[in-house]
Structure formats: C-alpha cells, structure tokens
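Engineer: Have a look at this one before I ask anything.
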Amino acid sequence: AQPVLRVGIFQDVTREAIEATDFLKGTPYRIEWARLNGAGPTVQALGGNAIDISWGLSDTAAPKASSEDRRNWTAETAPIKLIGLLAPVDSKRYSPMLVIASKASGVTKISDLRGRTYAFNEGGNANAVGLLALDKAGLNVKDVKLRLLTYDATAPAVVAGAVDAAPATRSRVADALASGAVRELATENEVGFPGFVSVTARTGALKDPQLSEAIGDFMTRLARYLNWAATHDAETAAAYAKAQQLTPDQALFAAKSGAYRLVPVKHDGAPFKAEVEATKKLGEIGFYPRPVDFSTVVDDRYTAQIEAGNR
Amino acid sequence: MSTLPTPRRNGHANLRVFKTRAASSKRQVSTRELTRLIFPLALLLIWQFAATAGWIDSHVLEAPLDVAAALVDLARSGVLWDSLVASLQRAVAGFLIGGGIGLVLGLVAGLSRIGERTYDALLQMLRMIPFLALIPLFVIWFGVDEKPKILLIAIACVFPVYLNTFSGVRHVDAKLVEAAQVFGVSRAAIALQIVLPLAMPSILVGVRYAMGTALLALVAAEQVNATSGIGYLALNPRAALRTDIILGVVLVYSLLGLTIDALLRAAERIALPWRRTLNEERRR
Amino acid sequence: MSTLPTPRRNGHANLRVFKTRAASSKRQVSTRELTRLIFPLALLLIWQFAATAGWIDSHVLEAPLDVAAALVDLARSGVLWDSLVASLQRAVAGFLIGGGIGLVLGLVAGLSRIGERTYDALLQMLRMIPFLALIPLFVIWFGVDEKPKILLIAIACVFPVYLNTFSGVRHVDAKLVEAAQVFGVSRAAIALQIVLPLAMPSILVGVRYAMGTALLALVAAEQVNATSGIGYLALNPRAALRTDIILGVVLVYSLLGLTIDALLRAAERIALPWRRTLNEERRR
Amino acid sequence: MTRDTTAREPDLAVSIRQASKHFGERAIFERLDLTIRRREFVALLGASGSGKTTLLRTLLDLDSLDAGEGFVATPRAAVFQEPRLIPSQRVWQNVLMGVPRTSRARELAIATLAEVGLTRHVDAWPATLSGGEAQRVALARALIRDPALLLLDEPFAALDALTRLRMQDLVRQLVARHGPGVLLVTHDVEEAVRLASRIVVLRDARLTLDVTVSDAAGQRDSSHPEGAALRDRLYAELGVRRTAISPSAVAA
Amino acid sequence: MTRDTTAREPDLAVSIRQASKHFGERAIFERLDLTIRRREFVALLGASGSGKTTLLRTLLDLDSLDAGEGFVATPRAAVFQEPRLIPSQRVWQNVLMGVPRTSRARELAIATLAEVGLTRHVDAWPATLSGGEAQRVALARALIRDPALLLLDEPFAALDALTRLRMQDLVRQLVARHGPGVLLVTHDVEEAVRLASRIVVLRDARLTLDVTVSDAAGQRDSSHPEGAALRDRLYAELGVRRTAISPSAVAA
Ligand SMILES: Nc1ncnc2c1ncn2[C@@H]1O[C@H](COP(=O)(O)OP(=O)(O)OP(=O)(O)O)[C@@H](O)[C@H]1O
Ligand SMILES: Nc1ncnc2c1ncn2[C@@H]1O[C@H](COP(=O)(O)OP(=O)(O)OP(=O)(O)O)[C@@H](O)[C@H]1O
Ligand SMILES: [Mg+2]
Ligand SMILES: [Mg+2]
C-alpha cells in the first residue's frame, strides 16, 4: 500500500496555495494535512505520533521542548528533529516579526521600555524575539512590566493601548502601522534573531525507511514550490484572498511576507551557525531554562534533497 | 407559576373577569412569545445608533451594520454556510453521544445508591477537567481527525445532563414511586414511565445547557485540524484582527442560542403536556 | 428516593426489620460516604498497575506515580501553591459575582413574566458566546489586569445558575404559592422565604455546575497576563510534551472537583434540612 | 364592575352576581349569585366534582370568572382541600405564614397549635405529619388571624370523630370572636346543619338550594320534626334517601 | 422470621407479631400482634396521629419495623391517604399502573372508571381533577386488580354522601368477588360498623380493641340494642360520648 505522509501546517492557506500548483502531483505517497493551532499542539502532535512532519514550526520549538523536559534530550532520545529551515525571502521589507509600540505610549526605542508594560505570548518565537530585544537594549524582563497574553490578543492589546509595546507578526499589524496607531521599534534581525521557521519531523518517522524516503521527496518538492512561489506572488495572493477573505492589497502583502525558501540544516552552513549562536544567547537570557545543544535536535539527512530542489 | 398579583390591602377586592375567550387564543400566545425579542432588538438599535453617532470607537466595538456586512461577506463566499454545516454535524454527534451517556448515568445513579456510589465521585472529578487542557492529550491519544473533536464535545455534554438528571431524579416525589412499587410496577418501568417524565423539567435544563456547551466545545475542538466550522472561524488567526468578524461569529452563536431556546421551549411543551394544560388554564 | 427494593412475586413477603438502632448511627453514614471513593481509587490502582507492567506507553499516558512526582515537584517549587491561591481568588470572586447575578436574574424571571420577557431571550443569546473568542475583545475593552479575568469567569458562571434558578422557580408547586398569596405574604417574602428554598435543589445543581465552570473559565482567563494560576499551568506551552505535568494539572482539577462535591453535599444538607430528615428516615 | 360597593355595604363579605365559570366546554357554574354577610356562616354542599372548590378559588382570586361581577372582602383566610404546608418551613412557621414576625409571634403560633392539639409537633417538618395533623396545621394557620372572610374547603375530612368535634368548636369560637363571613365546604350534612346559619347546595352549575338554619326553629336537632325535615330535604337534594332518621350528633 | 409460614397457612393475608415502630423517642406501636385472614374485612379506627398510616406503610413494605416478625400476602393493592396519582399520566393510565398493557387494558380502565363515576375524566390529567375525583381514581386503581391484601387509608374521606355509598358498594363487591384480606382505615364509625367483619382500634401504641362484627347479631343495625352497644363501645374507645343514639345509615 501507499505510505501516508501526515503534514502539520498552521494555516489552511498554506495547503491551498501548494495544492493549486502541480508541485505535489504524482507523489508515490499520499499526503494527509493537519492544521494545528500553534506550536504547542504541533509539538504534541509530533510527539504523540499524530503527524510526521510539521511545515512552519518555529525553530525554537524543539530546543525549547528539550530544555523543558525532565532531562535534556540527546541526539538519540530527541523525539522530534529539525530537518530543514525556512528563510524569509525578503527579510528587509517583510521581516516576519518586529517589536512595536503603541503611539500613545510615547515609546520610540527599545530602551524607553524601562518601567513600561511589555507583552508577548509565552513560549513561542515572539517570546524569544521579545527577550532578545530587551537584551539588545541592555534590559531584562525585570526592567519592564511583563504582561503575558495569548498570541491573538497581543497585537490588539498594543493597538488599543492596553500595553505599551510587544513583539508582533508584521502581517497582523500592517494596518495599524500604516495608520500610525503603532510604531516599529526593531525587526527580529536587528535584535539578533535568525528569523527562521522550520520543517520539523518526528524521529520515529525518520527511522521508518519508507516514510523517510517520502519525506525526502517531499522536501525536494517543497523547496521547488517555495522557489516558484517566491516569484509568483499573484498566485499565492489568490489563495490568500480565497482562504482568508482578504482584499487584493492585503492578500498580496500576505503573500510577499509569507515568502520563504527552504534551506538545509547542514552543520557547516550559515543558517546552522546562526541558529547555534541564537540558541546560546537564548539560553543565557533565560528563554531556555537550561542551555541546549542545537545539534541534538537537528537531522541533516535531507541536505541533498533540499539542494536538489533549490537547483 | 404565573406572575403574582399584587396583594390587596384591607377592604374589598373586585373579582377578576375575563370577558372574551378570544383573549387566550393560539395566535395571542405566539404574539406574546415574540415580545421576548423586543429587548434584544432594542439593544441592537441603541448600539447601532451609538455607533452611527460616533459615541463608540469602531476599534472598540464595531457597529451592528458593519458586523452584519462582515457576516454577509462570509455568507456570500460560502464559508459561513460550510462552517455551520460542518460544526453542527460535530455538535449534534457529540451532543447525542454525551447527552445520552449523561442521561443514562444520571438516571441510574439517581435511582440506585449503588450506581451513585460507584461512579458519582468519579464523574464529579472528571467534570472538572478543563477540556482545553485535554486538547494536547487528545491529540496524543486520538490524533487529529474527527474523533477527538466529537469526543471532546461529547465529554463536555455529559456533565450538564448528568448533574441535572441525577438531581431531577432524586427530587421526584418519593410518594409516587412508593405507589408504583406497591402496585408491582417493574424497576425499569418506574424509571422510564414515572421517574423520567417527572424529572424532565430538570433534565431539560441540562439538555439546554449541554446544547450550548456543545457549541462552545466546538471552539476548542476546532482548534485542531479543522478547515471549517464556526469554532474555527471564531478563533481564526485572521479573524483576530477584524473585530467585525469576531462579532459576526458572536452574533451567529447568539442566533444559534435563540434557536436552541426556541427548540427547547417547543420540547418542553411536548415533553410536559400535563404542565401545559395547567399553565394555560392558569394564565387566563 | 432511595433504592427500589426488588418487587416480590406472587405469594408472601416477610416484613423487613432493622434490629439495632446503631445501624443508622452517624459514623455508619460517613463510612458509607467514603465508599464513593472506592471506584476512583480502584481505577487509579489499575492504571498504575498497567503502567508498571508496561502495558501503557508512558508517552501516551504517564503512570499515576510519575504524575504525582511531577505534582510534588510543582508543589515543592511553590508554583503549585501560588497557582492555586491566585486561581482560587479569581474563581471565587468571579463565581460570587456571576452566580449572584444569575441567581437574582433567575429568581426575577422565574417569578414574573415581565422579567422573563425582558431579558430571558437576551441571556439565551449571550450564554452561547464562546468566551475564548472574547479574549481579544476583553483585552481591548478591559485591559490586561485582573478585571477581564474575573469578568470572564463571572460571565461563565451567570448562565448555569440562571438557567437552573429559572427552571427551579418555575417548577415550584404553584399551590403553595397560591396559599401564601391568599394569606397576604408579600411578593418579596414569597420569593425569598418560599420559592427560593423550594427551588433550592435545582439552584444547587446550577451552583455546582457554576463552581466547575468558574474553574474551567480560569483556563481561558489565565491566558491573559497571568504568570501563575492553575489555568495558566493547564495550558502552559512549556508543558508541550510533558504529559506528566498536563496530567498533574488534570489531577489537581479533579481533586478540586471532589472538594466542590463535598462542599455542595454539605451545603445541600444544610440548605435542605427538611429533606434530610426524610431521607434519613427512609434510609433505615 | 368597578363601582365601589364597599363604601355602601361594609357589612358584605362576598357579593357576586351572574358569575360564570367554564372549563373547556363544561360550565362549572353559570349566572350564579351569592351574597355572604359578615357573621354569616354558610355551608356549601355538593357532589364530588360539582365545582365547590372552583367557587372558593374564584373568591380567593386564584381563578378568574368568565363572566359576572362582584367583590370579596379582604383580608381573607382559607383552609384548602389539601393542607398546602410549605415543606421547607417548620410547623410553627407555617402557621405564621403572612403574620408579622413580632416577638410574640412564635408564642402565638404555639398557643394556636396547642388548641388544635399539636403541641408535640410545633417544631416538626410538615412532611413528617400524619394526614390529620397536617390538616390541623392548615386549620391553625387560618385560625390565627382575624379575617373578614373565612373559606374552609372540607377542613375536617381527615379527622377522627373526637378531634373533629374539637376543631368545629374552635371554628365556632373564631367566628363568634371576629365575626367574619364564613363559607364552609363539607360533605357531612350533620356538620353543615350543626354549624351553619345558612346552607346552599351547588348542583348542575347552579345553587339549587339556599336555606337559612336557625337555632330557634329546632332545625339543628335531628329528633325535632323541623330538623328531620331539613335533613331530608338536604339529603334529597344530594340524591340520598335516608333509610332511617339518623342524626349522628355526638359530643365530647 | 424466615421460616416459611406461607406453606402452612395459605389463608393468611397478614400475620405480624410483637411488631414495634418508633419515630425518634416516640413509639408508634409497640409489640403489636395482628392477623388478617383472606375474606376478612378489618376496619382500623384511631385518633389522628395514632399511627394508622404508619402501620399500613409497614404492611406495604414502605417502612420497616424496628422489631417484630411477620409476613404479608402479595400481591397487594392500596388506596393511600393522598391520591398519589402520577401527574404525567392521564387518568386511565394511572388506573392501569402496573397492569399488563394488553389490548383490552384501556377498555378495562374505562369500565372501572365508569364504575366510580368518572367516565368524563378518562383522558384528563390528574392535576385537573377535583379532590373527590382524584380519590376515586385512586380507588379505581385499587379496584381494577385482584389482590391478596387490600389496604385502604381513608379512601372515602373526600366524597359526598351519595358517592361515598356507591364507592362502599364497589369495595364490598370486590371483596365478595376476590376475597382478599382487607384493612380499612376510617374515621367514620358508622362506615366501619357497616362494612367490616372485625373492628380494631389503635390507641397508645396498642390495639386496645378488637371486636368481630356479625350480621346475625344485629350489630350493624343502630336501632338494635347490640348495634347501639357496639357503637357506644367504639365511640367510648375513641373518647367521644354520644348524646343521642345516632345511626346515620343512609342508602341511595
Ligand atoms: N384546571 C382544570 N381544567 C379542567 N377541568 C378542571 C380544572 N379544575 C377543575 N376542573 C374540573 O371542574 C370540576 C369541578 O372541580 P372542583 O374541584 O371545583 O370540584 P369540587 O366540587 O371541589 O369537588 P370535590 O368535592 O371532589 O373536591 C371537576 O369535574 C374538575 O375535574
Ligand atoms: N417520618 C416521620 N418522622 C417522624 N415522625 C413521623 C414520621 N411519619 C409519621 N410520624 C408521626 O407518627 C405519628 C403517626 O403518624 P400516622 O401518619 O401513622 O398517623 P395516622 O394514624 O395515619 O393519623 P391520621 O389519621 O391523621 O392520618 C404522627 O404523629 C406523625 O407525626
Ligand atoms: Mg373540592
Ligand atoms: Mg393517616
């Protein structure tokens, strides 16, 4: 029988956009999609054998889970591993994550945040960016009034002035930025966050030869598709307009800011080094409760397949 | 019990007379039912008026008409309809399973102390488990298909029905049950033909609540691998930016609430015919 | 109503005798109460046994002892205790506000048709609104302090109490109310001294449910700016793969459920003394 | 209907005219006239299901008329056909229903309960009372006050002969003391003859009989010819043929 | 207590010995012996609150004894002091409580309801019945079956004279037809004398009187000396002094 590859995603539009193209046609395996709301459920689904790979899980999720477990994972015991990184195509203009402040707060730079309210949702990349931003300005969480909010509530809270500043996803605050209700303090790259998301696999799936092969094929196709999509905003935008009821402008913006390339996690590559660097930093400033060795949650076996797809 | 008339002070009181029979005709009653909607509609009007007059910042609260517009958009694109169908299927399935289990467990525990001793404490423990916290476990245990969703809804529905059935059964007039015992009515017949109907007012409260719970549990259930559904719409990451869509979904839920209310009122009239006669009599 | 004795077949039946008075003494009753816990404890034992025997994968379901160990860790670090205190304060405050409102609204709507017509439909609509979807709106409206949390809990508590009070009041024996009217008892006294106590069984079901709802609403409420609290713990993203912590929190909730159950049983005995006498009589 | 007859006739306890009441198709009473003055003790006889309770309910403002006009004096007191005790209140609290809770109130309740022979049950819950005890509590509840109109719906039905005589005496005393208008529903012809100053019979939706009973005429005495004749007439109206002259007059 | 007396005495409907029952400190009956044979019609008299209903409840297995031993025949049928109709079932369904629902069952119910004069109310809800009508439904419910023991707790209390006579006849017919043991609680001495083959009085927790009544001795006739003596004795036992010989024997 045909093997089944179960792929976790975060937004339906991801699936709709790729299925509108031919990149996944004729796979020797069947793909089952699972939309999961957030990093927590995704990690659980991977760990609980509900999905095989996640497309789009934040790069900090696996190291975070390792450092939060009773003991740090080793390369052998890690139940999930990053098998590829997704790098923003245009991180200058469409840097996915940035730190914003509400206009009313009068905050213009990060160092102004001392004694002010500062919000993020705990555990995810926003948390990491939030801490790195403070660190960059020589502050730590004790210098601000921390407000932990849900992901959904963070941006509205800044816009409404309920908190002074917060890390946020650019696409969520684009309108508010344009109207001047909030102002940009820093992008993720500026504060030293690599800004990758990942393709993360269940270790059990990697050990299964049939599935592993399927994943390899999928990685090639994914890399090809992403390269194509980066130059075909209009098509992706159409998917956004359909799935999320966006206006053409909004959809185009979402497509551009959602454009990524798939890069391997091989140990000598720049992305890997950036990640190791960031992981060390995040361990120091307390995002990870224990120092983590990034290489324990990485499997670079698909380097060749990814590079094939990128050619 | 109908409205209490104002007590009269010392002296004399005229007798009340109802001149015409027509006053209590069917049509009259259903018009009266509609007066229930006056207040919600009035609130809606005030809200719209305040929004139009600019007293409410649209960032804080969108005007009803804008909300309606967002809903119309959703409806036109077919999303709303698909979501409703997908969600209602899940909700109904979960409600039937959970409500059925709650009813049976409540009936048995209410009727027999052995049943109560066996599982009442367990259910009192289980009912406190926040189903939101169960989502991770459910993903691990049951994967990401329909199963965990329906199960989650079913679990949420068990408890309101169970609690109300149990209490309703326990407070059925023991004298009536005694009479039935004396006349040799079987335990099953006592349970089904006497206790169940008499506990029905209480059970229907549980059902009413469970129907609501089923829809609420959707919001949690549809966080996992749902591509449509009103729960999904409610927490759609996209929707978080648009208060008009959030409020639109809220409005959809409210209307479902009204529908459930109407259903349950009808069910009450059908399930409690002996009360209906009395109330109508008394209302005159 | 107590357990039904098995109906006897044709012929003769011996009379039942209770030989000693001691059989119904206080101690006896409370021992009997403890039998409620046998079944949950047995389940726990089986679960532990299955886990030790290796029948259950620990990734899927941790053994009770491991869960307990995780809890002990949490407790030792002080997190558990702080969380409990923080959460219970919120829950109690929200419950008192919401339950109080539900009680008053239910009583008024149950007693007067005008009250019912004015706001029953509105409440039936409001109760359906998924409070998870409300979180962003609440942050916008009420900020990120304690206010939105307590409000969220209060809202969740209004409806179970309201529905049960309303139904309980409506199903109070109209004959008793008639008698009180005839004897010139004031409306307020009828409501508070006659209807309220008689509707108490139903109201207590609502209270029981609302106490659970208050704790459940914590999970949603404590997503907003909480750094402690059992709701926060329940959905703590850190616990992503730590089923032992998730289950530990679930266990804490269960134990709270048992506590609430014990409280409510005591409340029932106090609030319904006239039923207590009867039941004890009948149990002998 | 709204003209104020009170001012003109302060002595009336009940005055209804042309009153009609239907349940569905069935007329319970039709164009019925009834006047009861203060101090008047009216006994209402009638077959089971003839509408006696319904008539009392309209006088108590619990049912409304389909047609007719009239008024009733307030305050009213009643003993319903069932005891209607509040199960959540102890016996003495039930007796004090609607009575201002002054410091003496409980004493008063206890005294009244003593009169109906329930000293032992002052603090009992209604659900533990026997049928006759519950009925006596309901009676005590009516006796404790000073009504302008007293409505009694078979108040002695569940009582043994001795207790019944005592209760009848209590009602007589209350009537002598406060002089309300009384309407007593009973199935016991002897009881009616012994207590009432006027007897009416409800039959086929009308008051088919309305006779005054006076001590002077010897009507209360079953061995007196007047008394025998009255009894015969009442039994005849109720459809019963007496095979023997049968006054069951008993006294404590 | 468990020895099987049934085999030896199939003719017994009730046999209890040394039975005691307390509520709290109070003894309702103490070391009470009572035997009722099939075809025996026992009337139980006693003051309000003396424990008659409690005794019936133990015989119905609804209350248990504190001490004593005995057995009662089954099947049993009963008319409780209150009607105890199921409000959620129509009158005819109430009558058929516990009766197998054969195709003829409803007809049978209608026929029985006709006998108690409730043809009109066959399909009514119990809550719409008058007090006497409800009591007659409860009576019909007992009359429709063929019990070994029939327990009647003041079954005619809410009925007018005429209806009461009819209902008494119906009970007599049932007893003649099926021959159950009967225990009838009543407050009406005349009724007891007229119906019963034996009369017992419950007083101070004991059966203080236990007399057989026979047609032959003229005891049922109030004008006969034997009858008058029996009545005097019963009234005396109940604490009532008869001012006049007063048989209220009436017939339809
Ligand atoms: N709510 C109702 N709906 C329909 N019929 C009713 C209702 N209430 C009473 N009735 C009918 O009206 C008739 C009169 O009832 P009512 O209770 O007044 O009788 P009553 O004279 O008091 O009889 P009893 O002596 O048996 O108490 C009865 O036949 C009864 O069935
Ligand atoms: N559950 C109970 N708890 C305490 N006392 C009770 C209980 N049930 C009955 N009693 C008391 O026992 C006594 C006997 O009650 P029972 O009902 O047997 O009297 P009865 O002879 O049937 O009187 P009546 O003729 O008034 O119906 C009463 O005084 C009553 O108050
Ligand atoms: Mg009546
Ligand atoms: Mg009795």
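No lab work stands behind these numbers, since they all come straight from the coordinates. Predicted model, so just to flag it, every value in this text is computed and none were measured. Here the Cβ is made from the backbone with ideal geometry for all residues, glycine too, and neighbour counts use every protein chain on show.
Engineer: Kindly provide the helix-only [θ] at 222 nm of chain D, computed as the sum of -39,500 (n - 2.57) over DSSP H runs of four or more divided by all residues, to the nearest 500 deg cm²/dmol?
Structural biologist: Roughly -9000 deg cm²/dmol at 222 nm, from the helical runs in chain D.
Engineer: Please list the equivalent ellipsoid semi-axes of region D:12-251, computed as the square roots of five times the alpha-carbon gyration tensor eigenvalues, in descending order and whole angstrom.
Structural biologist: Result for region D:12-251: semi-axes of 29, 23, 16 Å.
Engineer: Where in region E:34-75 are there trypsin sites (Lys or Arg not before Pro) that are in a DSSP coil and have at most 15 other Cβ atoms within 10 angstrom of their Cβ? Please list the in-between numbers first.
Structural biologist: Details: sites: E:Arg37, E:Arg38, E:Arg39, E:Lys52, E:Arg57; in loops: E:Arg38, E:Arg39.
Counting only loop positions with at most 15 other Cβ atoms within 10 Å, the trypsin sites (Lys or Arg not before Pro) in region E:34-75 are E:Arg39.
Engineer: With the radius of gyration and the Kirkwood radius both derived from the Cα set of region A:163-230, what is their ratio Rg to Rh?
Structural biologist: We get a ratio of 1.19 for region A:163-230.
Engineer: Another question, if that's okay. Copy-to-copy spacing for D:Ser20, label 7 Å out on the Cα-to-C-beta vector, in nm, shortest first?
Structural biologist: Its label point is 6.6 nm from the equivalent points in the other copies.
Engineer: Can you sort E:Val137, E:Val240 so the residue with the fewest Cβ neighbours within 10 Å comes first?
Structural biologist: E:Val240, E:Val137
Engineer: A further question on this structure: For E:105-115, what's the mean count of beta carbons from other chains sitting within 10 Å of each residue's beta carbon?
Structural biologist: So the per-residue partner count for this stretch is 0.
Engineer: List, shortest first and in nm to one decimal, how far the label point of B:Ile46 (7 Å from Cα along Cα→Cβ) is from its counterparts in the other copies.
Structural biologist: Shortest to longest, the spacings are 5.5 nm.
Engineer: To the nearest 0.05, what FRET efficiency results for A:Arg70 and A:Ala304 with a Förster distance of 51 Å applied to their C-beta separation?
Structural biologist: Step by step, r from the Cβ atoms, then E = 0.90.
Engineer: Could you name the aspartates and glutamates in cross-link range of A:Lys109, using Cα to Cα under 17 Å and dropping any fewer than eight places away on the same chain?
Structural biologist: Output for A:Lys109: A:Asp135, A:Asp143, A:Asp164, A:Glu184, A:Glu188, A:Glu190.
Engineer: Counting partner chain Cβ atoms within 10 Å of every residue's Cβ in C:159-169, what's the average?
Structural biologist: What the average comes to for C:159-169 is 4.
Engineer: In terms of the Cα gyration tensor, with a ≥ b ≥ c the square roots of its eigenvalues, is region A:20-78 rounded because a/c is under 1.5, prolate because a/b exceeds b/c, or oblate?
Structural biologist: It comes out prolate by the Cα gyration axes.
Engineer: Would you please classify the overall shape of region B:106-259 from the alpha carbon gyration tensor, given that a ≥ b ≥ c denote the square roots of the eigenvalues, rounded means a/c under 1.5, and beyond that prolate means a/b larger than b/c while oblate covers the rest?
Structural biologist: Since a/c reaches 1.5 and a/b is larger than b/c, the shape of region B:106-259 is classed as prolate.
Engineer: For chain C, what D do you get in µm² per second when you plug the Kirkwood radius from alpha-carbon pairs into Stokes-Einstein at 4 °C and 1.567 mPa s?
Structural biologist: Calculated translational D: 58 µm²/s.
Engineer: Spin-label point model (7 Å from Cα, Cβ direction): what's the B:Leu263 to C:Thr31 distance in nm?
Structural biologist: Going by the 7 Å Cα→Cβ label model, 4.9 nm.
Engineer: State, to one decimal in nm and shortest first, how far the label point of E:Gln173 sits from each corresponding label point in the other identical copies (label point: 7 angstrom along Cα-to-Cβ).
Structural biologist: Output for E:Gln173: 4.6 nm, nearest copy listed first.
Engineer: Could you derive backbone 3J(HN,Hα) for region B:189-202 from the dihedral phi with the Karplus parameters 6.51, -1.76 and 1.60 (θ = phi - 60°), listing whole Hz in sequence and x where the residue is Gly or Pro?
Structural biologist: Result, rounded to whole Hz: 5, 4, 4, 8, 9, 10, 5, 4, x, 6, 7, 4, x, 5.
Engineer: To the nearest 20 debye, what charge dipole does region E:12-251 have about its Cα centre, counting +1 at the Cβ of each Lys and Arg and -1 at the Cβ of each Asp and Glu?
Structural biologist: Details: 32 positive and 28 negative charges, 99 e Å.
Charge dipole, region E:12-251, about its Cα centre: 480 debye, nearest 20.
Engineer: For region B:93-164, what is one quarter of the convex hull surface built on the Cα atoms, given in nm²?
Structural biologist: Computed as one quarter of the Cα hull surface, the answer is 4.6 nm².
Engineer: Quick one: Karplus J couplings for region C:87-104, per residue in order, coefficients 6.51, -1.76, 1.60, θ = phi - 60°, nearest Hz, x for Gly and Pro?
Structural biologist: 5, 5, 4, 4, 4, 5, 4, x, 5, 5, 5, x, x, x, 4, x, 5, 5
Engineer: Which of the pairs A:Lys64/A:Lys103; A:Lys64/A:Lys242; A:Lys103/A:Lys256; A:Lys64/A:Lys280; A:Lys145/A:Lys256; A:Lys92/A:Lys136 have their Cα atoms more than 23 Å apart in this structure?
Structural biologist: Violating the 23 Å limit, Cα to Cα: A:Lys64/A:Lys103; A:Lys64/A:Lys242; A:Lys103/A:Lys256; A:Lys145/A:Lys256.
Engineer: Looking at the square roots a ≥ b ≥ c of the eigenvalues of the Cα gyration tensor of region A:113-156, which shape do they give, rounded for a/c under 1.5, prolate if a/b is larger than b/c, or oblate?
Structural biologist: It is oblate, given that a/c is not under 1.5 and a/b is not larger than b/c.
Engineer: Hey, what did chain D get for relative contact order, percent, Cα under 8 Å, at least 6 apart?
Structural biologist: Working: 450 pairs, mean separation 60.7, N = 252.
It comes to 24 percent, rounded to a whole number.
Engineer: Take the Cα atoms of region A:226-311, build their convex hull, and give its volume per residue in Å³.
Structural biologist: Dividing the Cα hull volume of region A:226-311 by its residues yields 141 Å³.
Engineer: Shifting gears a bit: How far apart, in nanometres, would the label points at B:Leu255 and A:Glu277 be if each is projected 7 angstrom from Cα along the Cα-to-Cβ direction?
Structural biologist: Taking the two extended label points, one gets 5.5 nm.
Engineer: In whole Å, what are the extents of chain A along the principal axes defined by its C-alpha atoms, from largest to smallest?
Structural biologist: 61, 48, 31
Engineer: Near the amide H of A:Ile31, under 5 Å away, which other amide H atoms are found, from residues 5 or more places off or on another chain, if H is placed in the peptide plane?
Structural biologist: The list, which skips near neighbours in sequence, is A:Leu5.
Engineer: Which of E:His187, C:His171, A:His232 comes first, and how do the rest follow, when ranked by fewest Cβ neighbours within 10 Å?
Structural biologist: A:His232, C:His171, E:His187
Engineer: Ranking D:Arg241, E:Arg220, B:Arg187, E:Arg136 by Cβ neighbours within 10 Å, fewest first, what do you get?
Structural biologist: Ordered by Cβ neighbours within 10 Å, fewest first: D:Arg241, B:Arg187, E:Arg220, E:Arg136.
Engineer: If eta is 1.002 mPa s and T is 20 °C, what Stokes-Einstein diffusion coefficient results for the protein assembly as shown, Kirkwood Rh from Cα pairs, in µm²/s?
Structural biologist: 59
Engineer: Give me the one-decimal nm value for the distance between modelled label points at E:Ser214 and A:Asp22, 7 Å along each residue's Cα-to-Cβ direction.
Structural biologist: About 11.7 nm separates the two model spin labels.
Engineer: Now for a separate question. Please determine, in degrees from 0 to 90 and to the nearest 10, the orientation of helix A:270-284 with respect to the longest principal axis defined by the Cα atoms of chain A, where the helix direction is its Cα long axis.
Structural biologist: 50
Engineer: Nearest-to-axis residue of chain B, judged by Cβ, for the B-to-C rotation, with distance in whole Å?
Structural biologist: B:Ser202, 3
Engineer: ³J(HN,Hα) across region A:178-194 via Karplus (A = 6.51, B = -1.76, C = 1.60, θ = phi - 60°), whole Hz, x for Gly/Pro?
Structural biologist: 5, 7, x, 5, 10, 10, 7, 9, 6, 9, 4, 5, 5, 9, x, 9, x
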